[in-house]
Amino acid sequence: MKKTLFRLIVILFILFCANEINSQEKEDLFTLISKEDKQIELLPERIVFTQSLLWGKNGLLRKTGISPLNIENREKELKIRKTMLTVHQVIGYVTLASMVAQGIIGGKLYNGQDDLYKTHKTMGSIVNIGYFTGAGLSLFAPPPLINKKVRGLNSIKAHKMLATLHFTAMVATNYYKDKNKDSHKAAAYTAFASYATAVLVIKF
């Protein structure tokens, strides 16, 4: 099991590095500010609710004066966004590997290896910390400079739709863990399948 998990982590690390090399070839979003007219809208028309709470025109960071809405601060915010989403991606790979390990441990536990109960519970906590930390980094990151609505299905839309599914499944997994073994198992498998697919679609 340890060898399988190690190989999986190595593969995920290679995929992440390949993505980072590719992303470096693309222009950073914050550089668009200096190239556009000074009348450019500093916030996109569409902002996720959680982002609006902090970074919207009337968001907490605007009202408190911590980060007034201006070009200089938006440049800083877009750098913060890039860092947060990069960490989100790294945590995503680690969480996926943890989910695989948890699935293996859980399978053995369901097959009668009761001595793995504490290990299963500990790994569950690791998965939860990784998952919800990663989700928070994505949900509360500063908004992009541009967030236009694109017609049709693409990798970003698929990733977001799958995020809704695996978030719901993760909540259900935790809710049923001490209440209904079958529902807990079904929710866990749903969370893993949709989470793994979400990672794959954003890569390819």
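The values are calculated or read from the model by the stated rules, or taken from the named source; none is laboratory data. Quick caveat: nothing in here was measured; it's all calculated off a predicted structure. When we count neighbours, we look across all protein chains shown, and the Cβ atoms used for this are built from the backbone with ideal geometry, even at glycine.
For residue 159, the test of being in contact with a helix residue (DSSP H, G or I) (Cβ under 6 Å, 6 or more places away or on another chain), in the same structural domain as residue 182 (by TED's automatic domain parsing), under 20 Å from residue 193 (Cα atoms) and surrounded by 14 or more Cβ atoms within 10 Å (Cβ to Cβ) is passed. Residue 196 fulfils the conditions (1) touching a residue at least 40 places away in the same chain (Cβ under 8 Å); (2) within 25 Å of residue 43 (Cβ to Cβ); (3) among the small types (Gly, Ala, Ser) except for a single criterion, (2). The C-beta contact set for region 143-162 (first residue under 23 Å from residue 55 (Cα atoms), second residue among the acidic types (Asp, Glu) and outside any loop (DSSP other than H, G, I, E, B), distance under 9 angstrom, 6+ apart or interchain) comprises 143/77.
Using the structure shown, decide if residue 136 is assigned by TED's automatic domain parsing to the domain that holds residue 47, closer than 30 Å to residue 72 by Cα, within 14 Å of the chain's Cα centre (by Cα) and without any contact (Cβ under 8 Å) to a residue 40 or more places away in the chain.
Working: assigned by TED's automatic domain parsing to the domain that holds residue 47: yes; closer than 30 Å to residue 72 by Cα: yes; within 14 Å of the chain's Cα centre (by Cα): yes; without any contact (Cβ under 8 Å) to a residue 40 or more places away in the chain: yes.
Spelling it out, residue 136 is indeed assigned by TED's automatic domain parsing to the domain that holds residue 47, closer than 30 Å to residue 72 by Cα, within 14 Å of the chain's Cα centre (by Cα) and without any contact (Cβ under 8 Å) to a residue 40 or more places away in the chain.
Considering region 37-115, the qualifying helices (runs of 4 or more DSSP H), each wholly inside and each with 3 or more residues that are touching a residue at least 12 places away in the same chain (Cβ under 8 Å), run over 49-55, 71-110.
Based on what the data block shows, is residue 172 surrounded by 15 or more Cβ atoms within 10 Å (Cβ to Cβ), over 29 Å from residue 53 (Cβ atoms) and among the hydrophobic types (A, V, I, L, M, F, W, C)?
Values: surrounded by 15 or more Cβ atoms within 10 Å (Cβ to Cβ): yes; over 29 Å from residue 53 (Cβ atoms): no; among the hydrophobic types (A, V, I, L, M, F, W, C): yes.
No.
Restricting 112, 136, 152, 106 to those that are buried (at least 17 other Cβ atoms within 10 Å of the Cβ) and either in contact with a Lys or Arg (Cβ under 8 Å, 6 or more places away or on another chain) or of a type in the set (Gly, Ala, Ser) (or both) reduces the list to 106.
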